[in-house]
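Asks: Okay, here's the structure, questions in a sec.
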Amino acid sequence: MSGVDTPMAALAPWLQRQSAALLAQRGHAWLLQGPSGLGQYDLALALVRAWLCEASTPQGACADCASCHAIDVRTHADLCVLMPETDMIALGWPLSEKAQTEIDDKKRKPSREIRVEAMRDAVEFTQRTSARGRGKALLVYPAERMNHVTANALLKTLEEPPGDTRFVLASEAAHLLLPTIRSRCLGHTMVWPELDAMRGWLAEQGVAPAQAEALLRAAGGRPGDALALARGGLTPERWASLPRALARGDVAALSDASPADAVAVLQKLCHDMLAAAVGAQPRYFSASDLPKPPRLGRLTRWARELARTARTAEHPFNAGLMLEMLVSQARNVLNSRA
Ligand SMILES: [Zn+2]
């Protein structure tokens, strides 16, 4: 989600502090947990980079040695990255030759789960000798995308760790992990950064200060998600006009969102309408941008419908039809007056 095209970019200051704190502790397996957008992946990568670095300091990797360079160009022999193929591709990590050929030959689509084959390769990796002599590291992200077969294979390796391998699991939904995996790791809960620090960091990433506030709000206060929204072309004006556009049934308001993203936006709107209906402050939108709230019962029903749709949104039969359905549902709810 962040750091996609800039592997060398400096860590956000709040991640730097967490990285130094974790590096000061012993531990061969970390579990970084917390909601999305707080930098789990960036922190995990900073840890493995420091572990493997030839000149690391208490602050982290040197960014200059052969090991650091090898990680930056995604070819470190002692680092194994275990992710769903869709995330590997998005974050610039190479797939196994076999997987890449299957996808190139259109035999299948990139997987959204961590595949059993990739886990097998990872287990084999942990049993090899370190190529650079500084031990090895296995990074798993998002760890909740393991199915029970892959999770059990990882558990075995965690239970009998080959001497020189260290693990970092990064998760945005740690409650979905096997309890036995969680208990094998040292847990670290991601720190929620201060508003000023997030603003400063977003400015460094090229997000104008005038936009940062609204985007942070749209992202529920999560800086990584706010940056992803900015890079996806969302403007504060567009976000502000969204509730009323949906009340009009304007499909174009969500036309460039994937079905899963569209459901996520509607869930935010539904959350805020529920808040407004009970006299609480909205979280994602400004109160002045929201239409008048419908009856509470209608909104709670909408929330349930959206939760149900969210479970199938990754594989809709027809993305266009699904979007039309979602927008017409939203229009009906938003126009049913209390
Ligand atoms: Zn280094």
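Asks: Of the conditions (1) over 21 Å from L11 (Cα atoms); (2) crowded, with 17+ Cβ neighbours inside 10 Å, S67 clears all except one; give me its number.
Replies: Exception for S67: condition (1).
Asks: Counting only residues that are touching a helix residue (DSSP H, G or I) at 6+ places or on another chain (Cβ under 8 Å) and aliphatic (A, V, I, L, M), which one in the stretch 51-62 is farthest from the ligand (Cβ to nearest atom)?
Replies: Per the stated criteria, the residue is L52.
Asks: Yes or no: P209 more than 17 Å from D289 (Cβ to Cβ) and of a type outside the set (A, V, I, L, M)? Please lay out each step first, then the result.
Replies: On the way: more than 17 Å from D289 (Cβ to Cβ): yes; of a type outside the set (A, V, I, L, M): yes.
Considered against the rule, which asks whether it is more than 17 Å from D289 (Cβ to Cβ) and of a type outside the set (A, V, I, L, M), P209 comes out as yes.
Asks: Right, another one. When both residues are 6+ apart or on different chains and their Cβ atoms are under 7 Å apart, which pairs have a first residue that lies in the stretch 49-70 and is basic (K, R), and a second that is within 6 Å of the ligand (Cβ to nearest atom)?
Replies: Here the result reads R49/A61; R49/C68, each pair linking the stretch 49-70 to a residue that is within 6 Å of the ligand (Cβ to nearest atom).
Asks: Being touching a helix residue (DSSP H, G or I) at 6+ places or on another chain (Cβ under 8 Å) and either in a helix (DSSP H, G or I) or more than 22 Å from L154 (Cβ to Cβ) (or both) is the filter here, so list the residues in the stretch 68-86 that pass it.
Replies: Within the stretch 68-86, C68, I71, E85 meet the criteria.
Asks: Here is a further query. Looking at the structure I just gave you, is D42 more than 15 Å from W14 (Cα to Cα), more than 10 Å from the ligand (Cβ to nearest atom), in the same structural domain as E117 (by TED's automatic domain parsing) and among the acidic types (D, E)? Give the steps one after another, and end with the answer.
Replies: On the way: more than 15 Å from W14 (Cα to Cα): no; more than 10 Å from the ligand (Cβ to nearest atom): yes; in the same structural domain as E117 (by TED's automatic domain parsing): yes; among the acidic types (D, E): yes.
Taking the combined requirement at face value, the residue does not satisfy it.
Asks: Restricted to the stretch 180-214, and to residues that are touching a strand residue (DSSP E or B) at 6+ places or on another chain (Cβ under 8 Å) and assigned to a helix (DSSP H, G or I), which residue is surrounded by the fewest Cβ atoms within 10 Å (Cβ to Cβ)? Even if it seems obvious, please write down each step before you answer.
Replies: Step one: list which residues in the stretch 180-214 are touching a strand residue (DSSP E or B) at 6+ places or on another chain (Cβ under 8 Å), which gives 181-182, 184-190.
Within this subset, residues satisfying the condition of being assigned to a helix (DSSP H, G or I) are 181-182, 184.
Working: I181: 22, R182: 16, R184: 19.
Across the stretch 180-214, the extreme among qualifying residues is R182.
Asks: Do we have any residue at all in the stretch 78-98 that's within 16 Å of the ligand (Cβ to nearest atom) and either touching a strand residue (DSSP E or B) at 6+ places or on another chain (Cβ under 9 Å) or aromatic (F, W, Y) (or both)? Walk me through it before giving the result.
Replies: To start, the set of residues in the stretch 78-98 that are within 16 Å of the ligand (Cβ to nearest atom) comprises 78-79.
Those still in the list that are either touching a strand residue (DSSP E or B) at 6+ places or on another chain (Cβ under 9 Å) or aromatic (F, W, Y) (or both) too: 78-79.
The answer is yes; a qualifying residue exists.
Asks: Sort through R295, R301, R238, R331 and tell me the only one that's within 30 Å of P193 (Cα to Cα), at pLDDT 90 or above and of a type in the set (D, E, K, R).
Replies: Unique residue meeting the criteria: R238.
Asks: Right, here's the next one. Looking at V48, is it away from the ligand (no atom under 13 Å from the Cβ), in the same structural domain as L178 (by TED's automatic domain parsing), surrounded by 15 or more Cβ atoms within 10 Å (Cβ to Cβ) and of a type in the set (A, V, I, L, M, F, W, C)? Can you show your working first?
Replies: Details: away from the ligand (no atom under 13 Å from the Cβ): no; in the same structural domain as L178 (by TED's automatic domain parsing): yes; surrounded by 15 or more Cβ atoms within 10 Å (Cβ to Cβ): yes; of a type in the set (A, V, I, L, M, F, W, C): yes.
So V48 fails the test.
The values are calculated or read from the model by the stated rules, or taken from the named source; none is laboratory data. Everything numeric in this text was worked out from a predicted model, so none of it was measured. In this analysis, Cβ positions are derived from the backbone assuming ideal geometry, glycine residues included, and neighbour counts consider all displayed protein chains.
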